[in-house]
Every structure is written in structure tokens, then in C-alpha cells.
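Inspection log for the structure reproduced underneath, given as C-alpha cells.
Every number in this text was worked out from the coordinates using simple rules, so none of it is lab data. All of these numbers come straight from a predicted model, not from anything done at the bench. All Cβ positions, glycine included, derive from the backbone under ideal geometry; neighbour counts span all protein chains shown.
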Amino acid sequence: MKYYRAKINDKGTIAVDDMVLLKDNLSTAGSHILEGYKPLFSAEAVERLEKNGYEISGKTNVGEFSLDLVGEFSYYNEFEDGETLKGSAAELVAKGEVKAALGVDMNGSTRRAAALSDVAFLKPTYGTVSRYGIISCAASGEQLGVYAKDADTIAEVMTVIAGNDKKDGTSLPDVSYLYDTNADVNSAKVCIVKELYDLADDATKAKLYNYAESLKAQGVEVTEISTDIFSKANTAWQILMCAETCNNVSRYDGVKYGYRSENYRNIDELYVNSRTEGFNFLTKAVILYGSDVLSKSRYADCYDKALKVRRVVADFMKELFSTYSAVLIPACSKTEYAQYDIKDAFTKVYEESVFTAVPNLIGTPALATGGVQLLGDHFAESTLLSLSKIVERKGE
């Protein structure tokens, strides 16, 4: 974890994870390849917070390009042997050292981290928060979101950072969005996905059961459904995410900025050695897989088919949300992660991403809260936050 403290004012302090640019401060995406990089400008969301009276407390560590589970494979890692894995930004919020934190949700690491630290994280609808000034990997599904201890704080910060930004080509046109934590959800309908519930360990199942019971106590109808769409969505998103990441990290070549190998005799060796030494095993695996699915022999069977699955999943979820206000599922399969070898990371992340892939694939919002996760339709953030708040009230 790496951050500095700033003067606290009335609005409070906000941390930003290392996928978010902060002017004149190291912004490395947890990677050796970006060692020493200091941007000349801050992300749009950071500037909006500063203009509205918030203090940026500094940067928090992430796994290299946020490709791992919760930040375990950052080049700047500080985990000790035997220590369980926690996300840096989520832990700062949990300890009350900052009011909130910004994080980039690309493959669910932010939601997993929030669940493990028992704080909340909102991944908003795609395009509602500017992506300008984040270190982009999978542009079609990554989204800047907010960690906080409760729904009201998330709503407060989201109101500041959301809205159209002409500098971001994916930004939606609305200049502002409503984040209501007091919407009428007492007669809402929520479904639990049996297949995902069955994948969780007993402690996670207990959290999900208790959360469902808390919703029922407030008049929310909770039922169980069965579908394999989440598994299909996960496969599709991993294909698209790897392909997009492969393209986006190609800019890191040791020439313009960041890490440069000292061992080269020509430009080809400069590229190869800088990237070989600068990327970790997991990033290299993602690059290789992304290159493979984009190759001429595999494009139609993999990448093009994943785009078609994206449409199928979007249609399925739209139909599901015509009946249900939200989907209640685990954010991850466990209540804690033990350390493991990086050579197992590609498989482990794939397995855990079955709980988080749908919102990244189709751009819908997701809220990690109370150790579980609520999914909603596009622009349904107020419903998710309000459901979360009625459970928060019950626990007071």
C-alpha cells in the first residue's frame, strides 16, 4: 500500500487506486513497466472531486493492471508470508483512514476487495463516469467506481464525479445523474442465482442467506432462479478483456516512458527485453491469450463469437430485469483469499470472475455490499443503493 496523507477539510479525503492518474504522482498500475511514470494531469474524476472541495489523500496499490484477484501481484507488493489477501483501497476505507476511494473495475477485483473488507463498492453504468485519465486496459467494459463504508457516501461521491465529459469518447451525454438512497424498494423483487450460490463456500453462503433474510424483513420478495448465463458471460468477457488488454498494453515498449531494459543492442531487443522484464507472468499470459483470440485462425471462433454472446447476455439480463429489481449473488467464492503462486493466477481469476463478469460485459451497474453483490439494470444505481441502505438500517 502506498499513499500520502493530505490536509483534511470538511468534505473529507479520497484515495485513488493506481489505475487512476494523479498529476505529478507516481501512476504505475502496479506494474514494473510503468515504474517512475508521473502524469502531467489528473483524471477527470479526480479534478471534479478537487473542484468540489475534497482532498485527494494519494494512491493505493493495485495488482498489475488490476488483472489479479485483489492486488496480490503488484510489482510494489507489501504482502507478508501467510498474510491473507486484501485490497489496499478497500482496507483504507474499512479502517476509516479515508472517506472514500476511487477504483477501476475491469475484471471484478474492486468488488472482490470490497466484499473481503466488508465495505461497499459501486461499479456504475458504463459511460456515466468519465474514463479520461485512467490507465486503460479493456476499454469496452472497465469503469471507474467508488469504495465507501455506506450507500450514502457512495451516492455523495458519485453525484460529484458522474456526468458527461467531452474528453471521453465513451461518456454518455447526460450532464448529471441521480443517486438516491431512499427510493421505495420495500416491494422490490430480487432473485438469487442458484448456480452461483452453489459455487460459494459455506461462509459466503451464510452471508448471502443473511442478506436475503434482511431484505425479506423489509418487505422485499426474494426468490431463486437457475441459469447458466453467468458462466457463458464470463467466458465471453475473458476473451474480450484479454484481447483489448493485449492491444492496450502494446504501448508500453520501453521507449517513451516507464521501465527500459538496460540489456539491448537494437530496437527489437529493446522492445522484447523491456516487456519481458517489465510485465509479470499473469500479464504475459493475458497478452498471449489475447493475441491468440485475435489471430486470423481464431478470430471468428473466439473474439467474434464473444461479441455475439455479449448481445445474448444483454438481452437475457434485460428480460430478467423486467421481472426483478436486482440480482443477489456472491461477489467472490470465499470470505478470504490465501496467497498462491502467480502461475495459477490466470485460472484462479477466470474461476472467480464468474461472479463479476456480467456487469463488465454489458455495462450494467453492480454494488458490492455486506460481503455480497447486487446487480441491476442500466441506470438502476438508485435501486441498488436503496436496497443496500435498508439492510444497513436493519444492522444499526
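How big is region 66-156 along each principal axis, measuring the range of its Cα positions in Å and listing the largest first?
40, 30, 18
So what are the ³J(HN,Hα) numbers for region 93-103, from phi and the Karplus equation (6.51, -1.76, 1.60; θ = phi - 60°), rounded to whole Hz, Gly and Pro as x?
Couplings: 5, 4, 7, x, 7, 9, 6, 7, 8, 9, x Hz.
Quick one: Lys166, Lys23, Lys99, fewest Cβ neighbours within 10 Å first, how do they rank?
Neighbour counts put them in this order, fewest first: Lys166, Lys23, Lys99.
Quote the relative contact order of region 240-396 in percent (integer), defining contacts as alpha-carbon pairs under 8 Å separated by 6+ residues.
Once divided by the residue count of region 240-396, the mean separation gives 20 percent.
Using θ = phi - 60° and the Karplus relation 6.51 cos²θ - 1.76 cosθ + 1.60, list the HN-Hα couplings for region 368-377 in order, rounded to whole Hz, with x at every Gly or Pro.
Per residue, the Karplus-derived 3J(HN,Hα) values read 7, 7, x, x, 10, 9, 10, 10, x, 6 Hz.
Could you check what % of the DSSP bridge pairs in the chain are antiparallel, to the nearest 5?
60 percent
Sequence-distant or interchain residues sharing an amide H contact under 5 Å with Thr227, placed H: which?
Lys194, Glu195
Each residue of region 27-37 in order: what ³J(HN,Hα) in whole Hz does its phi give by Karplus 6.51 cos²θ - 1.76 cosθ + 1.60, θ = phi - 60°, with x for Gly and Pro?
Those phi angles translate into 9, 10, 6, x, 10, 4, 5, 10, 4, x, 6 Hz.
Could you bin all the Cα-Cα distances of region 156-265 into 5 Å bins starting at 0 and give me the percent of pairs in each, rounded to whole numbers?
With a bin width of 5 Å, the distribution comes to 2, 8, 9, 9, 10, 14, 16, 11, 7, 5, 4, 2, 1, 0.
Relative to the Cα centre, what is the charge dipole magnitude of region 223-322, using +1 at the beta carbon of each Lys and Arg, -1 at the beta carbon of each Asp and Glu, and rounding to the nearest 20 debye?
240 debye
How far apart, in nanometres, would the label points at Tyr299 and Ile229 be if each is projected 7 angstrom from Cα along the Cα-to-Cβ direction?
Placing both labels 7 Å along Cα→Cβ, they lie 3.0 nm apart.
In square nanometres and to one decimal, what's the mean projected area of the convex hull around the Cα atoms of the chain?
That works out to 19.1 nm², a quarter of the Cα hull's surface.
Please identify the chymotrypsin sites (Phe, Trp or Tyr not before Pro) of region 313-343 that satisfy two criteria: DSSP loop assignment and at most 15 other Cβ atoms within 10 Å. Which are they?
Sites meeting the loop and neighbour criteria: Tyr340.
Are there DSSP H segments in the chain that both extend 18 Å or more along their axis (alpha-carbon positions) and score a mean Kyte-Doolittle hydropathy of at least 0.0? List them, or say none.
Within the chain the helices that satisfy the rule are 229-248, 281-294.
As a footprinting exposure proxy, order Thr347, Thr28 by other Cβ within 10 Å, with the fewest listed first.
Thr347, Thr28
Skipping prolines and chain starts, which residues have an amide H placed within reach, meaning under 5 Å, of the one on Ala326, given they are 5 or more residues away or on another chain?
Lys189, Cys191
When only C-alpha pairs under 8 Å and at least 6 residues apart count, what is the relative contact order of the chain, in percent?
Once divided by the residue count of the chain, the mean separation gives 21 percent.
If contacts are Cα pairs under 8 angstrom and at least 6 residues apart, what is the relative contact order of region 90-204 in percent?
About 24 percent, as a whole number.
Could you line up Lys232, Lys308 from fewest to most neighbouring Cβ atoms inside 10 Å?
Result, fewest neighbours first: Lys308, Lys232.
Taking a virtual spin label 7 Å from the Cα of Asp201 along the C-beta vector, which residues in region 326-353 bring their backbone nitrogen under 13 Å of it?
Hits in region 326-353 for Asp201 at 13 Å: 332-340.
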